[in-house]
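Working notes, structure below.
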Amino acid sequence: MTTTSSRVVLVLSAFLAGLVVFLGVILFIVERNPDKGLSATIGGPFSLIDQNGKPITDADFKGKPFLVFFGYTHCPDVCPTTLFELSEVFRALGKDADKAAGLFVTVDPERDTPAVMKDYLSSFDPHLRGATGSAQQVAAAEKGYRVYAKKIPAKDGGDDYSMDHTALVYLMNKQGDFVAPFNLQRKPDEAAADLRRYF
């Protein structure tokens, strides 16, 4: 066997071994939660503060499907783009928009106060609610949704910073269970039609 063939076999073997481990973990989770499958591992209770300074919990979203996105108001590109795309989905829903909801949870509670969130969200569809809270409250929500978030200091050593974070939109059903990542890489009408399936 040549060196190149050996490398190919080695890489393929490593990939297959990783795939087997991944599938094993998935099956383990599903077996422990046969009724909910993977939904049991993502989401769950949260207690935060909305952009109007009022308490907001997972119970406020029960009875309608909702989309959850974690980001922050100082985000230069991904967050405003995602919120714009979500706004387009709600616009495409038309009169059915009230049958669904959207939640934008900050990963930067240090800067994203309710007032800041309210001002920021005024540029997007009103069906998108904002949520912030104490560092502990936000960390608990991040943990429930398996969100990665990390502060990245400014390169010049100044006080400014950015946040590296998971940029996934979570589709939750009317019971508050995770369904799947929501695909925004399609026309708003198509995404709206998909969301209607969970009314």
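Some values worked out for this structure:
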read-out	value
Segment 139-150 - residue that is of a type in the set (Lys, Arg) and either free of Cβ contacts under 8 Å to residues at least 24 places away in the same chain or touching a Lys or Arg at 6+ places or on another chain (Cβ under 8 Å) (or both) and, of those, farthest from residue 45 (Cα to Cα)	150
Check on residue 125, without any contact (Cβ under 8 Å) to a residue 40 or more places away in the chain, in a loop (DSSP other than H, G, I, E, B) and either in contact with a Gly (Cβ under 8 Å, 6 or more places away or on another chain) or closer than 25 Å to residue 62 by Cα (or both)	yes
Boolean, residue 132 is surrounded by 16 or more Cβ atoms within 10 Å (Cβ to Cβ), touching a residue at least 60 places away in the same chain (Cβ under 8 Å), among the hydroxyl-bearing types (Ser, Thr, Tyr) and touching a strand residue (DSSP E or B) at 6+ places or on another chain (Cβ under 6 Å)	yes
In segment 135-155, residue surrounded by the fewest Cβ atoms within 10 Å (Cβ to Cβ) [restricted to those that are charged (D, E, K, R) and modelled with pLDDT of 95 or more]	150
Residue selected from segment 91-119 under the condition touching a residue at least 60 places away in the same chain (Cβ under 8 Å) and buried (at least 21 other Cβ atoms within 10 Å of the Cβ), by the criterion farthest from residue 161 (Cα to Cα)	93
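The values are calculated or read from the model by the stated rules, or taken from the named source; none is laboratory data. Quick caveat: nothing in here was measured; it's all calculated off a predicted structure. Every residue, glycine as well, gets a Cβ built from its backbone with ideal geometry; the counts of neighbours run over all protein chains shown.
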